[in-house]
1. Within 14 Å of the chain's Cα centre (by Cα), under 20 Å from residue 100 (Cα atoms) and of a type outside the set (Val, Ile, Thr): is that true of residue 152 in this structure?
2. When the residues of the range 132-145 are filtered to those that are among the hydrophobic types (A, V, I, L, M, F, W, C) and surrounded by fewer than 21 Cβ atoms within 10 Å (Cβ to Cβ), which remaining residue is farthest from residue 24 (Cα to Cα)?
3. Taking residue 192, is it on the phi < 0 side of the Ramachandran plot, surrounded by 20 or more Cβ atoms within 10 Å (Cβ to Cβ), more than 13 Å from the chain's Cα centre (by Cα) and among the charged types (D, E, K, R)?
4. Taking the range 145-183, which residues are in contact with a Pro (Cβ under 9 Å, 6 or more places away or on another chain) and in a helix (DSSP H, G or I)?
5. So which residues in the range 41-73 are among the acidic types (Asp, Glu) and farther than 22 Å from residue 235 by Cβ?
6. Got a sec? Which of 248, 218, 253, 240 is at pLDDT below 85 and surrounded by 15 or more Cβ atoms within 10 Å (Cβ to Cβ)?
7. For residues in the range 64-121 being exposed (fewer than 13 other Cβ atoms within 10 Å of the Cβ) and of a type in the set (D, E, K, R), which is nearest to residue 15 (Cα to Cα)?
8. What pairs come out if I take residues in the range 1-17 that are closer than 21 Å to residue 231 by Cβ and pair them with residues that are at pLDDT below 55 whose C-beta lies under 8 Å away, six or more apart or interchain?
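The values are calculated or read from the model by the stated rules, or taken from the named source; none is laboratory data. Treat the numbers as computed from the prediction; the structure is a model and nothing was measured. Because the Cβ atoms are built from the backbone with ideal geometry, glycine has one as well, and the counts that use them run over all protein chains shown.
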Amino acid sequence: MSDGTISLAIPPQPTGMRMLAGKRVLVTAAAGTGIGSSVARRALEEGASLVISDAHERRLGETLATLAPLGEVHAIRCDVTQQADIDALWAFATEKLGGVDVLINNAGLGGTAPLAEMTDEQWSRVLDVSLTGTFRMMRAAMQQMRNGTIVNNASVLGWRAQGGQAHYAAAKAGVMALTRCAAVEGAALNLRVNAVAPSLAMHANLARVTTPELLRQLESASVQGRAAEPWEVANVILFLASDLSSYLTGEVLSVSSQHP
């Protein structure tokens, strides 16, 4: 490229290596085209049985139909801001799978608003979905799971600053702290708790809610000259979910190729 930026080609997706064979996996916010649906697909390819949930019932049904040929997968609507939905989700997962070995907390909500103009409702909604929703799911997991793993989806904005993202950045920084504290308590339950912090993973839903100018700015910050594919983030999540990461707990892995 004329400005000297390197643009690396997207690599081929890896084939399944059965690293989740026999694992029972629960994924939140798994509908659509983003990281959650990629995690669900990759989990099936790695031999897991699966329950997926999402607040968007129509998209959830479409995702279930797409994933069903790949293996055992069940779906139930769940809004992580509603405790009754979370209780129903865990009861459903127990009924369908006989228990849960891996919980992947992907549910989150973004938005853009300058801090001086941000309303209480905007702040509270993002925090309720992204941070408190993760807390609710983890509380249920630590009441029910043993000898398992939990992986939370944070963001590099938990470390970095970006205008208009005070609520989202605060929520994701909270997810990081929650992950570390839960790992300490989870050790006594034989539970490992880790998180990923993606920078930019491109998918259709993100493109609809982000300006082209901001996307170009974020892509130009990458030493690879591109955004991550959702499945590239999913691969790191599944590594943390698998026995390959058996000595990792309380860690937040950056999934990023950005400049410092």
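1. yes
2. Going through the qualifying residues, I end up with 135.
3. On the way: on the phi < 0 side of the Ramachandran plot: yes; surrounded by 20 or more Cβ atoms within 10 Å (Cβ to Cβ): yes; more than 13 Å from the chain's Cα centre (by Cα): yes; among the charged types (D, E, K, R): yes.
The answer is yes for residue 192.
4. 156, 166
5. Matches in the range 41-73: 57, 62.
6. 218
7. Out of the qualifying residues, it is 95.
8. Close Cβ pairs satisfying both conditions: 7/1.
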